[in-house]
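Below is one structure, written out as structure tokens; comments come after it.
The values are calculated or read from the model by the stated rules, or taken from the named source; none is laboratory data. These numbers come from a predicted model, not from an experiment. In this analysis, Cβ positions are derived from the backbone assuming ideal geometry, glycine residues included, and neighbour counts consider all displayed protein chains. These accessible areas exclude ligands, DNA and RNA; they are computed on the full protein's heavy atoms, side chains included. Shrake-Rupley method; radii C 1.70, N 1.55, O 1.52, S 1.80 Å.
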Amino acid sequence: MKDQLNKIFHKVFHSEEQLDYFFAPGRVNLIGEHTDYNGGLVFPCALDVGTYIAMAKRNDDIIRLYSDNFPEKGIMEVALSDLANKEEDDWANYPKGVIKIMKDHGYEGKTGFDAVFYGNIPNGAGLSSSASIELVTAILWDWLHGFQIDRVEMVKMCQEVENKYIGVNSGIMDQFAIGMGKEDHAILLDCNTLDYEYAPIQLEGMKLVIANTNKRRTLADSKYNERRAECEQALKDLQSVVSINHLCDLSTEKFEEIKHAIKDPIALNRAKHAVTENERTKVAVEKLKEMDLDAFGQLMNQSHISLRDDYEVTGDHLDALVEAAWEETDVLGSRMTGAGFGGCTVSLVKEVDLDGIVERIGKRYEEKTGITPEFYIVGVGTGAKKV
Ligand code: GLA
């Protein structure tokens, strides 16, 4: 990878500088969807694919950014004193936003740099390529100025970039998984307290298979913000009868008892998903620890159904791909992953006839939608780092 980045760097920037390298993974969430901003549990892991940077220091306060994934955009050049979000800067707004927010938090640095970005996470697939760009930039900025920033603080600043600079009201899951990932482990994170524990992913005879609907996620940001607002409305209604700070503070039983307080039937369904998904996540992690992968798979399936019927973030393509997987007896569980509205599914699949399974799922999906899906057999990798 370093050689490849080297070549691109020297071609783009025409320089023979000594380079430094950085990496941040993508993430997949195994269960616990749309719970993070409701103060609930999530269970993501970092992937072994991600975003790389090759960087050379400069002697001024200019940053020049180039992405090998968007070569048509060319080199974006900005001064560290002018990091406002500009539409025409496109993907480069993510690294710019990171530096801007870190500077706002007192991590002021005067040294500019030239950087080549290269990512091998499929774009727009819901595997957090944007959070990956954020974390890899944060690692670079931290290293360049020797700040030695606490990792959770870094994660929070990157979430702030999404919320305040990009304008997506996302929770903390993606940045946390990418910043704190550990090889062969998933992270059980309580998004209310930020308490977390690592759970080993020992999938003997099993593989995690990510399938891309290849349906671009349209209007995802606005619908995402809409779901958040619906949850906030439901919470407000519930707070008239119970003292809670988040929807996920409720058990399913307590929710059933007081759900009548939610006036809008749509908001009620959204809240039901958040509460039940939080409980599913808790049970799923217990099942994984007991190595009861059948039960874990069943909970993945139930998660998808809840996201489809109550949260309404799946859509025809994700449903078709998941249903195609459910037809296979050697698929223990399958669900959409990430925000939804297109993007990817994640499935737990027995290794017996992996090629055959993947081929049949792909065929069924294509017959229904006319789109050829893509499959990735992924490994669980480490969090963001200097390489
Ligand atoms: C996106 C957001 C996360 C989380 C998921 C849904 O990935 O960035 O914070 O809300 O959707 O679980």
If the only charges are +1 at each Lys and Arg Cβ and -1 at each Asp and Glu Cβ, what is the size of the charge dipole of the chain around the Cα centre, to the nearest 20 debye? 540
Output for the stretch 141-213: GluC sites (Glu not before Pro) sitting in coil per DSSP, at most 12 other Cβ within 10 Å, listed by number, reads GLU204
Helix 293-309 axis, angle to the chain major axis (alpha carbon atoms, nearest 10°): 90
Sparsely packed trypsin sites (Lys or Arg not before Pro) within the stretch 127-229, loop by DSSP, other Cβ within 10 Å at most 13: ARG216
In degrees, nearest 10, range 0 to 90: what is the angle between the Cα axis of helix 354-369 and the longest Cα principal axis of the chain? 80
Rounded to the nearest 20 debye, what is the charge dipole size of the stretch 2-200 about its Cα centre when +1 sits on each Lys and Arg Cβ and -1 on each Asp and Glu Cβ? 280
Which angle between 0 and 90 degrees, to the nearest 10, do you get for helix 220-238 versus the longest principal axis of the chain when only C-alpha atoms count? 50
Heavy-atom accessible area per residue - the stretch 2-200, 1.4 Å, Å²: 38
Most positive-pole-ward Cα, MET206, GLY370, VAL242, against dipole of the stretch 206-378 from beta carbon charges: VAL242
One quarter of the convex hull surface, Cα atoms only: what value does that give for the stretch 20-123 in nm²? 8.2
Helical contribution to [θ] at 222 nm, DSSP H n ≥ 4, -39,500 (n - 2.57), averaged over the chain, rounded to 500: -13000 deg cm²/dmol
If amide H atoms are built 1.01 Å from N in the plane of the peptide, which residues on other chains or at least 5 residues away come under 5 Å of the amide H of LEU47? GLY26, ARG27, VAL28, GLY381
Radius of gyration and maximum dimension Dmax of the chain, Cα, Å: 21.1, 68
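Specify whether the C-alpha gyration tensor of the stretch 177-297 places it in the rounded, prolate or oblate class, a ≥ b ≥ c being the square roots of the eigenvalues: rounded for a/c under 1.5, otherwise prolate if a/b is larger than b/c and oblate if not. Mind showing how you got there, number by number?
Working: a/c = 2.10, a/b = 1.52, b/c = 1.38.
Judged from the Cα gyration tensor, the stretch 177-297 comes out prolate (a/c at least 1.5, a/b above b/c).
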Treating each Cα of the stretch 2-200 as an identical point scatterer and ignoring solvent, apply the Debye formula and state log10 I(q)/I(0) at q = 0.19 Å⁻¹. -1.37
Amide H contacts under 5 Å for GLU374, placed H, 5+ residues apart: ASN212, ASN214
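Computing the accessible area with a 1.4 Å probe over protein heavy atoms, can you report the carbon and sulfur percentage for the stretch 111-180? Mind dumping the intermediate values first?
Details: 810 of 1930 Å².
For the stretch 111-180, the apolar C and S fraction of the accessible surface comes to 42 percent.
Scan the stretch 343-376 for GluC sites (Glu not before Pro) in coil per DSSP, keeping those whose Cβ has at most 14 other Cβ atoms within 10 Å, and list them by number.
Working: sites: GLU351, GLU359, GLU366, GLU367, GLU374; in loops: GLU351.
In loop regions of the stretch 343-376 (DSSP not H, G, I, E or B), the sparsely surrounded GluC sites (Glu not before Pro) are GLU351.
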Let a ≥ b ≥ c be the square roots of the eigenvalues of the Cα gyration tensor of the stretch 246-387; is it rounded (a/c under 1.5), or, if not, prolate (a/b larger than b/c) or oblate? prolate
